[in-house]
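Trainee: Structure provided below as structure tokens; questions to follow.
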Amino acid sequence: MELKYVIPNMEKTFGNLEYAGEGKVEQRRINGRMTTLSRSYNLYSDIQRADDIEVVLPNEAGEKFFEHEDKVKLVNARITAEGYKIGDRGFTNYILHADNIVKA
């Protein structure tokens, strides 16, 4: 059985989320034209305080415009794991995906 993603308990895992700014835009050339595949956004969490939370949205969600520190909610959030190695050591990068971000 393959683990595709984990659905977090948003309230216990992240608490209240606030908009912290735009992240990266992933683009790829398709049929000779640059096409946006996904956009990431940075969020503040009152539970996960060590780092900002980065969420990846599909291109279909469109570009988001919020004021800094607006309270937001994620629609259909899920976490995937991506493994990689450096030398002989293995590491895991956890990626938070959502279908959309809306004002809370």
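Trainee: Determine the shape class of the chain: with a ≥ b ≥ c the square roots of the Cα gyration tensor eigenvalues, call it rounded for a/c under 1.5, and otherwise prolate if a/b is greater than b/c, oblate otherwise.
Mentor: Oblate.
Trainee: Next up: Accessible area of residue 66, 1.4 Å probe, to the nearest 10 Å²?
Mentor: Accessible area, nearest 10 Å²: 40 Å².
Trainee: Specify which residue in the list 75, 10, 95 is farthest towards the positive end of the charge dipole of the range 1-97, using unit charges on the beta carbon of Lys, Arg (+1) and Asp, Glu (-1), about the Cα centre.
Mentor: 95
Trainee: Sort 92, 35 from largest to smallest accessible area, using a 1.4 Å probe on the heavy atoms of the protein chains.
Mentor: Greatest to least solvent exposure: 92, 35.
Trainee: Let me ask you something else. Quick check: pseudo-label points 7 Å beyond the Cα along Cα→Cβ at residue 92 and residue 25, how many nm apart are they?
Mentor: Between residue 92 and residue 25, the label points sit 3.3 nm apart.
Trainee: Show me the ranking of peptides 41-49, 25-33 by mean Cβ neighbours inside 10 Å, starting with the highest.
Mentor: Per-residue Cβ counts within 10 Å, averaged per peptide and sorted highest first, yield 41-49, 25-33.
Trainee: While we're looking at this one, here's another question. Given Cβ point charges of +1 (Lys, Arg) and -1 (Asp, Glu) and nothing else, what value in debye, to the nearest 20, does the dipole of the chain about its Cα centre take?
Mentor: That gives a dipole near 380 debye.
Trainee: Oh, and also: For the chain, what relative contact order do you get, as a whole percent, if you take Cα pairs closer than 8 Å and at least 6 residues apart?
Mentor: Taking the mean separation of contacting Cα pairs over the length of the chain, I get 27 percent.
Trainee: To continue, here is another question. I want the antiparallel fraction of DSSP beta bridges within the chain, as a percent rounded to 5.
Mentor: Of the beta bridges lying entirely in the chain, close to 95 percent run antiparallel.
Trainee: Taking only protein heavy atoms into account and a 1.4 Å probe, give the accessible area per residue of the chain in Å².
Mentor: Value for the chain: 74 Å² per residue.
Trainee: A follow-up question, please. Fully extended, how many nm does the chain gain between residue 60 and residue 4 (0.36 nm per residue separation, minus their Cα-Cα distance)?
Mentor: Contour length minus Cα-Cα distance gives 18.1 nm.
The values are calculated or read from the model by the stated rules, or taken from the named source; none is laboratory data. Source: prediction; values computed, not measured. Positions of Cβ are generated from backbone atoms using ideal geometry, with glycine treated the same way; all protein chains shown enter the neighbour counts. Surface accessibility is based on the protein's heavy atoms, side chains included, excluding ligands, DNA and RNA. Shrake-Rupley method; radii C 1.70, N 1.55, O 1.52, S 1.80 Å.
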